[in-house]
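The values are calculated or read from the model by the stated rules, or taken from the named source; none is laboratory data. Note that the structure is predicted; figures quoted are calculated from it, not measured. Cβ atoms come from the backbone with ideal geometry, glycine included; neighbour counts cover every protein chain shown. Heads up: the accessible areas ignore ligands, DNA and RNA and are worked out on the full protein's heavy atoms, side chains in. Shrake-Rupley method; radii C 1.70, N 1.55, O 1.52, S 1.80 Å.
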Amino acid sequence: KMAPSKKKHARNQASSIPGGFTVLTLQFSSDSAAQHNIYVKEHKVRAEKSSHRPMDRTLFVLNIPPYCSEGIVKELFLQFGPVLSVELMDHPSSSQESGPKLSKFFKPVQKQGFKVGYVVFQKSSSISAAKSHPHSSPLVVCTEQHPVSTGVDKWIQKYTESFIQPETLQEKVDTFMREYDKRKEEESERQRKEAEHQQEDEEGWVKVTRGSKVKARPHSEAVNRRTLHKEMEKKKRKELLNFYSWQHKNTQKEHIAELRKKFEEDKQRIALLRAQRKFKPY
């Protein structure tokens, strides 16, 4: 029995390229002559703290063709092990989201181009199985069990799916609002607890809640500036209040002086009329 040649043995091995990527071959159907290469590697990003993409079970995929949806990519990688989730996007990005997850109805239409993907497996051994897959054994996209529409059939299918049922849309909206309200309540509760643990008065002291010793935080430069600003505001308000009080008293004095002056003028006028004997009271 002849031993297999080195050339044939090399074809049955995985193909790797610089950057730590492994080359996998895609074939649209079993009778297609054309093939397409995708590049996979284990997803390792230390800055990403989200558990949505665990580093030991997530496969990063490049050069995914436009005709591969998330469902198709999931079916392609199921041969390496159970797949929990698949994400396709235009370029690599963090999985951390600032708000509730949006439904596809509220997202902008994605570009019809090549994608990058994140495939999350149930077991870490699936990563090794995908990276050791031989380059000479292509992954078939369209099979009898999972057919993929193309051409006119594809456009008819997309046109039919573009119509949204009112019941489905209402359900998506209600789900989004429930998640949004829950998120707002959790944020308000978190802020309330933080405010209780750190209540800082106007002089820069921190009130520590029950269960720990009372500690005073040393005054920082910012606290000193804030305290000085408050003292200046108090001084200005006091000066303004004193000015208004003085102005009111001064106005009253001037009014009384005018009344006294008018009273003296009236007395002099009456005395002059009596002197001229023109005053006839009866």
Q) For GLU161, are the conditions met, namely being surrounded by fewer than 10 Cβ atoms within 10 Å (Cβ to Cβ) and closer than 30 Å to ASN37 by Cα? A) yes
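If you scan region 65-87, which residues turn out to be of a type in the set (Phe, Trp, Tyr) and assigned to a loop (DSSP other than H, G, I, E, B)?
Taking region 65-87 and keeping what is of a type in the set (Phe, Trp, Tyr), we get 67, 77, 80.
Matches in region 65-87: TYR67 only.
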Q | Leading residue by the ranking (least open to solvent (accessible area, probe 1.4 Å)) among those in region 135-149 that are among the polar types (S, T, N, Q) and over 26 Å from GLN13 (Cβ atoms) | A | SER149
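Here are some residues: GLU187, GLU179, GLU171. Which one is of a type in the set (D, E, K, R) and open to solvent by 90 Å² or more (accessible area, probe 1.4 Å)? Break it down stepwise before answering.
Working: GLU187 fails: open to solvent by 90 Å² or more (accessible area, probe 1.4 Å); GLU179 fails: open to solvent by 90 Å² or more (accessible area, probe 1.4 Å).
After ruling out the rest, the residue left standing is GLU171.
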Q. With respect to VAL206, is the statement that it is at pLDDT below 70, touching a strand residue (DSSP E or B) at 6+ places or on another chain (Cβ under 6 Å) and closer than 30 Å to LYS193 by Cα true?
A. yes
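Would you confirm whether or not region 150-158 contains a residue that is within 30 Å of PHE21 (Cα to Cα), in a loop (DSSP other than H, G, I, E, B), modelled with pLDDT under 80 and open to solvent by less than 100 Å² (accessible area, probe 1.4 Å)? Step through it out loud before you land on a result.
In the first step, residues of region 150-158 are kept if they are within 30 Å of PHE21 (Cα to Cα); the result is 150.
This time we only want the ones that are in a loop (DSSP other than H, G, I, E, B), so: 150.
If we keep only those that are modelled with pLDDT under 80 too, we end up with 150.
From the residues that got through so far, the ones that are open to solvent by less than 100 Å² (accessible area, probe 1.4 Å) too are 150.
Yes, the conditions are met somewhere in region 150-158.
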Q | Options SER126, SER132: the member that is within 22 Å of LEU62 (Cα to Cα), modelled with pLDDT of 85 or more, loosely packed, with under 14 Cβ neighbours inside 10 Å and of a type outside the set (Phe, Trp, Tyr) | A | SER132
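Yes/no per residue for (1) touching a helix residue (DSSP H, G or I) at 6+ places or on another chain (Cβ under 7 Å); (2) small (Gly, Ala, Ser); (3) at pLDDT 85 or above:
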site	(1), (2), (3)
ALA3	no, yes, no
ASN12	no, no, no
ILE17	no, no, no
PHE21	no, no, yes
GLN35	no, no, yes
LYS41	no, no, yes
PHE60	no, no, yes
